[in-house]
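Input: a single structure, listed below in structure tokens.
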Amino acid sequence: MSRVLSVEDLGIGFRSEGQDFTVVRDVSFSLEAGETLALVGESGSGKSVTSLGVMGLLPPPPQSRTTGRIVLHSGDGDIDLLDLPESRMRRLRGDRIAMIFQEPLTSLNPVHTIGDQIVEAIRSHRRVSRAKARARAVELLEQVGIPDPQDRLGTYPHELSGGMRQRIMIAIALALEPDILIADEPTTALDVTVQAQILDLLRRLQKDTGMAMLFITHDFGVVADIADRTIVMYAGQTVEEGRTETVLSDPLMPYTIGLMNAVP
Ligand code: ADP
Ligand code: MG
């Protein structure tokens, strides 16, 4: 397997009302092409902040401060993401790393049709005609399991269910043909049946595309279904890391056991 991302001794802090406080400490992990790594921990443990650090989406210094290294490994060599100029980082976000969030309604533009939003994502990534991009949008909608994709291009986000909106967000992420997909609690806002469908979809897409996935969740119940490896975070630090089946069958830390027992 080839490595696509290395995070080394990541530290992230914020400044608020003249006070500095650290919310992520000494977090290290790597991600290989074609694998899913779950980042699990209770609310406030630093999972989202870690992923925003990888995406280069934290507030600029001095409001936030990041230490350590985040390295993207690509065909063009290694790219150190910290200290990268924002213009280059924006490019990488469009081309290499895509992200989906818990609430797709806030990420979709309410006044544009989903067809336009997917076409725009495709054309921001590749120079293709509108007609080609529309054809590709239909393919992507098919790929994420939207029925009658041709007819759906003209619909607006509010006309769709939460599960369908998450499928649209996944289509937009796939339009970028990312090496890495960061999924931050992508199923948390969905009911259980739809959750399972979205997990199935992500698993299948990952197999088909060979992308790496960083799957963030507070819910230990879903990691067995999706993750090859699991990292448990507590208060900004990793307290456990290993193959998912090992973490689940033989947790080392009382905190991990507590999280597992919290699964409904
Ligand atoms: P979670 O594991 O639930 O995703 P987060 O990574 O969102 O947790 O948050 C970790 C900690 O960082 C929390 O205490 C949160 O309040 C704090 N935090 C997150 N974003 C900011 C910010 N922009 N400014 C200050 N503190 C923040
Ligand atoms: Mg979060």
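Odds and ends about this structure:
- Tally, over the stretch 91-118, of residues that are among the basic types (Lys, Arg) and under 16 Å from the mean Cα position of the chain (by Cα): 2
- Residue check for Thr66: away from ligand 2 (no atom under 13 Å from the Cβ) and touching a Phe, Trp or Tyr at 6+ places or on another chain (Cβ under 9 Å): no
- Highlighted here are the strands (runs of 3 or more DSSP E) found entirely within the stretch 202-251 that include at least 1 residues which are farther than 27 Å from Ile146 by Cβ and acidic (Asp, Glu): 237-243.
- Subset of the stretch 173-184 (residues that are out of contact with any Lys or Arg (no Cβ under 8 Å at 6 or more places or on another chain) and within 16 Å of ligand 1 (Cβ to nearest atom)): Ile182, Ala183
- Candidate set from the stretch 81-118 (those that are charged (D, E, K, R), away from ligand 1 (no atom under 16 Å from the Cβ) and modelled with pLDDT under 95); member that is surrounded by the most Cβ atoms within 10 Å (Cβ to Cβ): Arg96
- Residue within the stretch 218-235 that is at pLDDT below 90, under 24 Å from Arg25 (Cβ atoms) and among the polar types (S, T, N, Q) present: no
- Of all the numbered requirements in (1) more than 16 Å from ligand 1 (Cβ to nearest atom); (2) assigned to a helix (DSSP H, G or I), Glu8 misses one, and that requirement is (2).
- Unmet criterion (only one of (1) buried (at least 18 other Cβ atoms within 10 Å of the Cβ); (2) within 30 Å of Val7 (Cβ to Cβ)) for Arg204: (1)
- Condition broken by Ser16, with the remaining ones in (1) hydroxyl-bearing (Ser, Thr, Tyr); (2) within 28 Å of Gly242 (Cβ to Cβ); (3) away from ligand 2 (no atom under 16 Å from the Cβ); (4) surrounded by fewer than 16 Cβ atoms within 10 Å (Cβ to Cβ) satisfied: (2)
The values are calculated or read from the model by the stated rules, or taken from the named source; none is laboratory data. Please read all numbers here as calculations on a predicted model, not as lab measurements. Backbone-built Cβ (ideal geometry, glycine too); neighbour counts: all protein chains shown.
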